[in-house]
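The values are calculated or read from the model by the stated rules, or taken from the named source; none is laboratory data. Quick caveat: nothing in here was measured; it's all calculated off a predicted structure. Here the Cβ positions follow ideal geometry from the backbone for every residue, glycine too, while neighbour counts run over all protein chains shown.
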Number of protein chains: 2
Amino acid sequence: MKKDSPDTRAYHHGDLRRALIESALSIVTQEQDWSFSLRELARRAGVSHAAPHSHFAEKRDLLIAVADVGFARLRDRMLEAVSRLKRADKALTAAAQAYIAFATENPALYRLMFGPALADGAATRTAASGIGAETKAVLEDLVLRGAQSGVFTPKPDDAAALGVATLSCWSTVHGLANLIIDSKVDPALPDHQLVDGVMQLFLDGIRTRRPAS
Amino acid sequence: MKKDSPDTRAYHHGDLRRALIESALSIVTQEQDWSFSLRELARRAGVSHAAPHSHFAEKRDLLIAVADVGFARLRDRMLEAVSRLKRADKALTAAAQAYIAFATENPALYRLMFGPALADGAATRTAASGIGAETKAVLEDLVLRGAQSGVFTPKPDDAAALGVATLSCWSTVHGLANLIIDSKVDPALPDHQLVDGVMQLFLDGIRTRRPAS
DNA sequence: ACCTGAACACCGTTCAAGT
DNA sequence: ACCTGAACACCGTTCAAGT
């Protein structure tokens with residue numbers, strides 16, 4: 001970052017791999033365009049169009065690298081939103097708000113993360129290894145906390161029930177994010193209100209009787 | 001369909017528009033590949049590569065036409081699953097099962113329907129007019145029925161509460177479909193079981209006290 | 001009205017060759 | 001090890017010209 005003066009392009013550029021990822025990220029977050037080409041990235045980096053292939057065997061590999069950064073940012077954002085909240089139900093709602101805010105502020109990146117980055121077009125189901133696992137882990141942890149503190153109905157040692165609750169929460173939030181991004185939701189209603197309503201309904205399904213004060 | 005014998009290709013093909021859509025549908029449903037090109041469709045139809053553009057100004061217009069068929073099929077499948085069930089909660093679960101079955105059996109078509117068909121890459125939010133409205137309508141109707149029959153908590157005239165419930169249901173089902181397709185869910189668990197668990201949780205949030213017999 | 005053929009400005013990927 | 005230049009086999013879209 002601070003090695004060379006801005007215009008001193010090394011013959012071999014020095015750090016092309018990172019430059020390509022950052023370039024892709026800036027296109028996707030600033031121009032909201034996830035349909036960039038490897039050749040354009042190469043152009044911006046000032047290298048030949050074939051250069052990227054010495055760092056990424058396929059375009060998908062570059063997309064995966066970009067998606068990874070996206071997932072890290074999403075996780076950080078959720079964790080930050082959650083950090084000051086003790087009650088698991090409040091924290092879960094806050095995490096959902098952060099999740100939807102991330103998606104609506106960076107729809108192109110969000111689409112890239114869950115979109116064709118790994119689904120190669122011909123594959124029936126994505127061979128998604130651990131992509132997105134960080135996101136799930138955050139929700140999983142909150143659900144477990146809620147179970148342990150008695151705020152949620154599943155018993156802390158009932159793995160199946162905890163799994164269903166986590167999956168249910170993630171599905172709801174993920175689905176809502178997609179519907180909002182795809183303009184399937186009345187745009188008159190502010191996002192945070194939608195999230196509040198939907199999360200309240202979700203929490204009603206797993207919260208123990210005592211109505212939250 | 002029955003006008004010409006199979007190989008009598010008219011000079012102007014007769015019905016290229018439909019042929020292109022059907023060709024695209026068969027590629028997408030049989031080969032599970034939604035990354036086809038207009039030129040390939042033209043090849044299969046035995047016309048020049050420029051011919052499609054006399055029926056579809058942009059490739060996206062063809063994709064929209066394909067997506068429309070997909071949404072009609074999804075709606076039909078949901079309606080059929082629901083047709084014999086009277087209780088709104090049972091019907092909603094059946095609709096969800098049909099929804100997820102459709103998505104997992106036709107992941108490529110499902111991705112095309114909700115994917116970049118309308119999201120043109122540069123647009124922040126899709127200018128999705130009524131695409132997918134049929135799907136929402138089915139769920140909306142079931143939620144309303146449940147409210148009217150007293151199975152669900154929202155009052156039948158509380159539009160806001162009904163809207164939240166519908167959105168919540170669609171989000172959950174849509175999100176679950178995406179997570180399954182994208183292999184973000186433990187593949188050891190059968191889909192119908194996942195749907196059952198998730199829907200049960202959802203219903204717990206809006207069902208009136210009386211535990212379903 | 002519907003289609004063809006050629007053309008334009010792009011792609012991703014490969015591969016010998018350079019440094 | 002990293003990159004270039006040329007090449008290959010594609011794209012979507014446009015547009016004059018044909019029938």
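Okay, here's what the table says:
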read-out: Answer from B:Ala119, B:Ala101, B:Ala96 - the residue that is out of contact with any Cys (no Cβ under 9 Å at 6 or more places or on another chain) and either at pLDDT below 95 or over 16 Å from B:Gln32 (Cβ atoms) (or both); value: B:Ala119
read-out: Hey, A:Ser48 assigned to a loop (DSSP other than H, G, I, E, B), surrounded by fewer than 17 Cβ atoms within 10 Å (Cβ to Cβ) and modelled with pLDDT under 95 or not; value: no
read-out: Pairs, first within 14 Å of another protein chain (Cβ to nearest Cβ) in the range B:46-74, second within 15 Å of DNA strand C (Cβ to nearest atom) and aliphatic (A, V, I, L, M), C-beta under 9 Å, six or more apart; value: B:Lys59/B:Leu38
read-out: Of all residues making up the range B:137-177, the number that are within 7 Å of chain A (Cβ to nearest Cβ) and surrounded by fewer than 24 Cβ atoms within 10 Å (Cβ to Cβ); value: 1
read-out: Which listed residue, of B:Ala51, B:Ala65, B:Ala57, is within 16 Å of DNA strand C (Cβ to nearest atom), aliphatic (A, V, I, L, M) and under 24 Å from B:Thr135 (Cα atoms); value: B:Ala65
read-out: Residue count, the range A:162-183 (criterion: touching a Phe, Trp or Tyr at 6+ places or on another chain (Cβ under 8 Å) and not β-branched (Val, Ile, Thr)); value: 9
read-out: Sole exception among (1) modelled with pLDDT of 95 or more; (2) within 14 Å of chain A (Cβ to nearest Cβ) for B:Ser35, by number; value: (1)
read-out: Selection from the range B:190-199 of residues that are more than 8 Å from chain A (Cβ to nearest Cβ) and in contact with a helix residue (DSSP H, G or I) (Cβ under 9 Å, 6 or more places away or on another chain); value: B:Asp191, B:His192, B:Val195, B:Asp196, B:Met199
read-out: Subset of the range A:52-70 (residues that are of a type outside the set (Val, Ile, Thr) and surrounded by 18 or more Cβ atoms within 10 Å (Cβ to Cβ)); value: A:Pro52, A:Phe56, A:Leu62, A:Leu63, A:Ala65, A:Ala67, A:Gly70
